[in-house]
Amino acid sequence: MVLLSVGLFRSGRFCSHLTRHEQVCARAGFTWKKTQAVSCGNIGHRAGNSLHLRAAPSAPRLLFCGRGPKPCFQISPKTASPLRSGPVQTRFLHTSAPLRALPAPFIWMVLKPLQKLVAIILGRSLRKWWVALPDNRRQLMRQWAWQRRWPLAAGAGVAMVIAALLLLTHLDESPVTGRTRLLVFSRENYMELAALTSQAYMEEFAELLVPVTDPRHKVVERVVQHLAQRNKDIPEMSDVTWSVHVVQSPNVNAFVLPNGEVFMFTGMLDAVADIHQLTFVLGHEMAHALLGHSAEEASLSHVVDLLSLILLTAIWAVCPRDSLALLGQWVQEKLKELMFNRPYSRKLEAEADRVGLHLAAKACADVRASPVFWQRMELIEQLTGESAQSEWLSTHPSHRNRFAQLDGLVPQALELRESCVCPALPAADPRVVFSKVVQVLMQNAKDQGRGGSQVASKPHLPHSPASLPAPLSAALLAQTAPPPSPSVDQESGGPVPDVASAPVPAPTEGVGPQVGVQTG
């Protein structure tokens with residue numbers, strides 16, 4: 001009796017040919033017997049399924065080989081040859097590893113300049129061809145186009161309908177907000193691109209990464225894990241492994257890649273006043289990753305670029321000179337940025353603010369401190385003399401608008417926080433405290449001006465307790481924000497981690513944070 005293990009086969013084609021092999025075995029003198037039902041649906045199934053072949057003494061050998069890179073099994077009866085005895089020998093054919101295709105967004109970014117070049121060459125070639133035509137040929141072609149204007153218009157309408165249907169097939173629903181959006185690139189594609197981007201950032205910041213034993217890294221790590229734990233009911237939050245990297249840089253910046261790689265700059269740690277503001281900033285960045293904003297923004301940019309190629313070709317075909325065509329191309333690029341890309345980016349930033357506030361509320365942070373963060377950023381810009389960019393020219397909303405939006409969402413966030421069985425908040429509202437501190441600061445500045453004292457042209461933002469809230473490092477060092485009382489996790493029933501009592505980073509000396517906040 002010869003035993004043939006079905007689990008060794010890595011293809012379902014063998015199962016589909018069992019009946020044919022049974023006929024072959026019958027003609028060859030074998031007795032076919034199935035010991036278990038063979039599952040043809042599971043490729044590479046390694047259960048105890050087996051086939052028993054009973055052969056006559058004079059039966060010839062059988063050789064089963066699959067098509068492609070699959071193992072071949074040679075089966076011979078025990079009595080076929082006295083020299084061959086023992087178990088059936090199997091040989092596996094080793095194949096090379098499959099080639100992985102580049103992510104679609106990466107291919108699009110590489111081909112994006114090439115598409116513009118093709119459009120420019122095509123438009124310029126059409127213009128040269130039209131200019132070279134004789135006058136009578138041009139007149140005939142105009143008459144031909146006018147006579148067939150309705151069929152041509154119908155063809156253009158059909159093309160627009162087909163394009164609209166293609167766009168409708170790529171509509172998607174946002175995972176948290178439920179908003180309908182256009183998504184040409186899938187989340188899986190951007191996960192692959194995020195892995196490549198993460199490697200590039202790790203190489204760029206290799207000399208600037210703060211050690212994992214540094215207190216600043218521990219603070220950010222603890223807040224990120226706390227946010228992930230308290231929002232694990234969101235599938236996109238649980239599916240990602242969050243990893244923290246703190247970069248030694250005075251830039252006030254932080255971002256999170258779609259694969260959960262968190263990059264926090266020490267300038268941002270110096271800019272936030274307490275652990276609650278840090279929780280909101282990290283919640284905002286994690287919201288970008290949860291909502292897939294990078295894939296959504298790239299999808300819109302991809303569609304707009306494809307449509308603008310038609311306009312770019314027309315510009316180079318209609319303009320009589322290359323200089324005018326270059327000017328028209330520049331105007332087209334600016335209009336595209338101001339009318340599509342930047343407004344949509346501001347919309348995504350506002351959505352990340354709303355979702356990040358809800359994430360922070362479920363993490364039991366004081367959500368009243370979130371609008372204060374943007375008030376603080378606006379005040380820093382004013383005191384340092386930095387000129388604020390107009391909102392319609394920026395990819396981010398202005399600090400004042402972000403404060404107004406978050407301030408209106410605070411009551412809803414407080415209700416969500418209370419429903420998550422969080423500890424009671426202190427009676428002092430951070431917004432009221434900050435307003436009073438700013439009033440005192442402005443009054444002191446006026447008194448110094450009346451007294452004739454020498455005032456610097458660019459006054460620096462003081463960090464004393466009597467003026468403005470201290471940076472995060474000093475606030476944690478003084479332990480000014482301990483939780484009033486422990487609370488109970490809404491799912492696990494255990495105590496909520498005390499984020500405010502995380503290890504304290506030492507205050508940063510030297511140059512203060514550079515203004516120019518980019519969260520996202």
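The values are calculated or read from the model by the stated rules, or taken from the named source; none is laboratory data. Being a predicted model, the structure only gives us computed values, none of them experimental. Reconstructed Cβ throughout: ideal geometry from the backbone, glycine too, with neighbour counts over all protein chains shown. These area figures cover heavy atoms from the full protein model, side chains too; ligands, DNA and RNA do not enter into them. Shrake-Rupley method; radii C 1.70, N 1.55, O 1.52, S 1.80 Å.
Figures for the structure shown
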read-out	value
Antiparallel bridge percentage (DSSP; both residues within the range 182-424; nearest 5)	45 percent
Inter-label distance for S419 and V212, nm, one decimal - labels placed 7 Å from Cα along Cα-to-Cβ	3.7 nm
R354 accessible area, 1.4 Å probe, all protein chains in place, Å² to nearest 10	90 Å²
Loop-located trypsin sites (Lys or Arg not before Pro) in the range 123-189 whose Cβ has at most 12 other Cβ within 10 Å (DSSP)	R148
In Å², nearest 10: area of E337 left accessible to a 1.4 Å probe	60 Å²
Candidate residues R222, R368, R450, R400: accessible-area rank, largest first, probe 1.4 Å	R450, R400, R222, R368
Solvent-accessible area of L196 with every protein chain in place, 1.4 Å probe, in Å² to the nearest 10	80 Å²
Estimated FRET transfer efficiency when R0 is 41 angstrom, pair A314-M442 (beta carbons, to 0.05)	0.15
Which listed pairs, of K112/K232; K218/K436; K112/K334; K112/K336; K232/K436, have C-alpha distances above 26 Å, in listed order	K112/K232; K218/K436; K232/K436
Accessible area of the range 104-172 belonging to carbon and sulfur atoms, whole % at 1.4 Å probe	74 percent
Simple label model, 7 Å out from Cα along Cβ direction - L307 to R124, nm	2.7 nm
Cα gyration tensor category, rounded, prolate or oblate, for the range 182-424 with a/c compared to 1.5	prolate
Difference of contour (0.36 nm per residue) and Cα-Cα distance, Q115 to L166	16.3 nm
Farthest positive-ward along the range 182-424 dipole, Cα basis, beta-carbon charges - from P397, V219, L193	P397
Ranked order, T213, T266 - accessible area, probe 1.4 Å, largest first	T213, T266
Amide H contacts under 5 Å for V246, placed H, 5+ residues apart	V210, M264
Simple label model, 7 Å out from Cα along Cβ direction - R321 to D135, nm	2.4 nm
